[in-house]
1. What is the range 299-451 by shape, rounded, prolate or oblate, if you read a ≥ b ≥ c off the alpha carbon gyration tensor as root eigenvalues and call it rounded for a/c under 1.5, prolate for a/b larger than b/c, and oblate otherwise?
2. Using the Kyte-Doolittle scale, find the helices of the chain whose mean hydropathy is at least 0.0 and whose Cα atoms extend 30 Å or more along the helix's long axis, counting only whole DSSP H runs.
3. Fewest Cβ neighbours within 10 Å first, please rank Arg154, Arg204, Arg481 accordingly.
4. Pairs of alpha-carbon atoms within less than 8 angstrom and 6+ residues apart define the contacts here; what relative contact order does the range 356-469 have, in percent?
5. Starting with the fewest neighbours, write out Asp368, Asp430, Asp438 ranked by other beta-carbon atoms found within 10 Å of each beta-carbon.
6. Sort largest first and round to whole Å: the equivalent ellipsoid semi-axes of the chain, each the square root of five times a Cα gyration tensor eigenvalue.
7. What is the order of Glu478, Glu421, fewest Cβ neighbours within 10 Å to most?
8. For the range 202-255, rounded, prolate or oblate, judged on the Cα gyration tensor with a ≥ b ≥ c (square roots of eigenvalues), a/c < 1.5 rounded, else prolate if a/b > b/c?
Amino acid sequence: MRAVCSRAQLWTGREALKVLICLGNAVSRPYKICTQCRYSSTASQNPFSSFLTTTPSSKVDLQGQSYEKDDWFNLPPTIASQIARKLHVQKDHPISITRAIIESKFPSQTYKYHNDFFPIVSTLQNFDSLGFPLDHPGRSKTDTYYINKGTVLRTHTSAHQADVFRRNESEGFLISADVYRRDAIDRSHYPIFHQMEAARVWDRKTVPNGDIAAAVWKDMEALPKHNMTVEDPNPPMHPERNPLQKKHLEDEAAAIAAHLKRSLELVVAEIFSRAKKAAIMANPDFADEQLKVRWVEAYFPFTSPSWELEIFWQGDWLEVLGSGVVAQDIMTNAGVPSQIGWAFGIGLERIAMLLFEIPDIRLFWSQDERFLSQFRGVMDNLDSLKRFVPFSKYPACYKDVAFWLRSSSSAAGGGGSTFHENDIMEIVRDIGGDNVEDVVKFDEFTHPKSGRKSLCYRINYRSLERTLTNEEANSYHEEVRKALVEKLGVELR
Ligand code: FA5
Ligand code: MG
């Protein structure tokens, strides 16, 4: 084991966003299996494997409800204890401020706001209602927190789409909520983040002459305009890459696409105008860069055609949302077959990081006054919104761990299971909590004779709030090493 402790360099918002952008860019590549774009991917090789051990058949109490656990249960206490935080409704929290700014672009006469949907949902809601195939990687225990085989912590706000369509209370809705995914550890990934879902529908039975396209274009004309340049090189639909649904007419889908895109472009224009104002407040000589925004074709099981919106930021493209024309089967199954419309899901952390220049996703969970006080009063006066001023540059403490994976023949208690990196991430997160900045695999090889596989990971222990001592980091690291042996059955090298 090697330990490398170094003094941290000042880590600027721009560097952080570069990390974020690389990830965003990766997700826009078609069919790449990436946990960030899991809903754009098709199927993985080993979707249902995990090495984590669970206690079979007992009960667990969560958010005032009792649930039967089974061998799908994989929810660690560190995640369970954060469920109550609901950052998207905490007054003056940057996630909540971001939510309010986006809401302001969707008038409440048309869009009903839902901000308190319960985070524990059925697999029916999270996956089946949206047409996820059974072998979709998003369903895997390595990607999703399960309470039992049929119950999960929602992995996206789309889990509530079908239920809200079924309620049929308004022409549009916004759903903001906390979502949960087992994921990598770095400055742009946290196992809990926040999304805002939106949808807008038109009803064939109530629009004049049953003409959806005309009704949508009329609503489109009523939307404000913006003077942002948006690249949109692809046709609204494409027979192979981005098909029109069988039950839709081309001109109605094209009108819906135009309304969706304009509605979202107005959100981006608002965010960037506020970000610019904040930048000028911090530095009157601030020189604005040319804002570049583009639409790219995408794939989701529950929309077609589908698009993602990307923003050019510090040299690369960052994906901020997924969207599309709602699969007509969802409307039919929700009992509203005559309705047709669009939906999108936007990542609130991503937008908040751009808006405030917040460099590390862990900061959103900070209870440190030096963080929270910077946003106080903003919700009462959005014009007072300022850029985040980093308050720390504490030292990084790197520690390495190298181990042999157990060979499948000697696997104790989990024979046939396949190693998944998210299991390591979770062990490290469970032990080090928010004192872990990132975990990176830096070496991997397979022994030529025995066929055994060796992996090396480097863990960066660094607090956002104080200097960690080498002893503290060592003690976390020792626990991590022990847990890797106990829970994953690895052999330390
Ligand atoms: C979804 O979650 C779809 N439900 C979005 C959608 C809704 C599509 C309605 C169509 C219609 P995706 O996994 O790409 O898709 O996530 C959507 C957005 O959430 C991303 O663009 C990004 O802004 C944000 N996001 C996703 N993963 C993370 C993450 N690990 N950390 C921070 N933000 C994330
Ligand atoms: Mg995506």
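1. oblate
2. 250-282
3. If I rank by nearby Cβ atoms, fewest first, I get Arg204, Arg481, Arg154.
4. The value is 31 percent.
5. Asp368, Asp430, Asp438
6. Listed largest to smallest, the semi-axes of the chain are 38, 29, 21 Å.
7. Least to most surrounded, the residues fall as Glu478, Glu421.
8. It comes out oblate by the Cα gyration axes.
Quick note: the coordinates plus some simple rules give every number you see, no bench work behind them. In this text, all values refer to a predicted model and were calculated from it rather than measured experimentally. Positions of Cβ are backbone-derived with ideal geometry, glycine not excepted, and every protein chain shown enters the neighbour counts.
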